[in-house]
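Structure first, then comments.
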Amino acid sequence: MKLVITYNAWYSHLKHLNEKPWWIAALVSWGIALFEYLIQVPANRIGNTEMSLAQLKILQEVITLTVFVPFVVFYMNQPLKLDYLWAALCILGAVYFVFRT
């Protein structure tokens, strides 16, 4: 599973590095990605002993949206949209279908 904090850091360069050249933002993002994958790979290996790949992916998306929406609203100062509710309902449907027995 992806570490969601680093996922949001991918977008923080839009707020903090927008005056820097694109390649600096790319290097920062690659550094974040390296850290993220150093955590994600072992987490997926451990998670795969209990869940299917589809379940791991949907769980990742649930966690990402749960953290990403407050990040967008409070940190990036974007308005809360009704579309986030619709996206959450779609993910909830995916959770139902992937985790039902």
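The values are calculated or read from the model by the stated rules, or taken from the named source; none is laboratory data. It should be emphasised that the depicted structure is a prediction, and the values quoted were computed from it without experimental measurement. Reconstructed Cβ throughout: ideal geometry from the backbone, glycine too, with neighbour counts over all protein chains shown.
Taking the criterion of being at pLDDT 85 or above, among the aromatic types (Phe, Trp, Tyr), out of contact with any Pro (no Cβ under 8 Å at 6 or more places or on another chain) and not in a loop (DSSP other than H, G, I, E, B), would at least one residue in region 49-68 satisfy it? No, region 49-68 contains no residue that is at pLDDT 85 or above, among the aromatic types (Phe, Trp, Tyr), out of contact with any Pro (no Cβ under 8 Å at 6 or more places or on another chain) and not in a loop (DSSP other than H, G, I, E, B).
Remark: pairs (first residue in region 47-64, within 15 Å of Phe97 (Cβ to Cβ); second residue part of a helix (DSSP H, G or I) and of a type in the set (Ser, Thr, Tyr); Cβ separation under 9 Å; 6+ apart in sequence or on different chains) are absent. Say whether the condition of being surrounded by 13 or more Cβ atoms within 10 Å (Cβ to Cβ), in a helix (DSSP H, G or I), more than 15 Å from the chain's Cα centre (by Cα) and at pLDDT below 90 is met by at least one residue in region 78-101. Within region 78-101, none of the residues are surrounded by 13 or more Cβ atoms within 10 Å (Cβ to Cβ), in a helix (DSSP H, G or I), more than 15 Å from the chain's Cα centre (by Cα) and at pLDDT below 90.
Among the residues of region 41-58, just one is basic (Lys, Arg) and either surrounded by 14 or more Cβ atoms within 10 Å (Cβ to Cβ) or in contact with a strand residue (DSSP E or B) (Cβ under 6 Å, 6 or more places away or on another chain) (or both), namely Lys57. Does Ala26 satisfy the criteria of being of a type in the set (Gly, Ala, Ser), more than 26 Å from Val95 (Cβ to Cβ) and either touching an Asp or Glu at 6+ places or on another chain (Cβ under 9 Å) or assigned to a helix (DSSP H, G or I) (or both)? Considered against the rule, which asks whether it is of a type in the set (Gly, Ala, Ser), more than 26 Å from Val95 (Cβ to Cβ) and either touching an Asp or Glu at 6+ places or on another chain (Cβ under 9 Å) or assigned to a helix (DSSP H, G or I) (or both), Ala26 comes out as yes. I'm trying to understand the selection: among the residues of region 59-75, which are exposed (fewer than 14 other Cβ atoms within 10 Å of the Cβ) and farther than 22 Å from Gly47 by Cα? Within region 59-75, Pro70, Phe74, Tyr75 meet the criteria.
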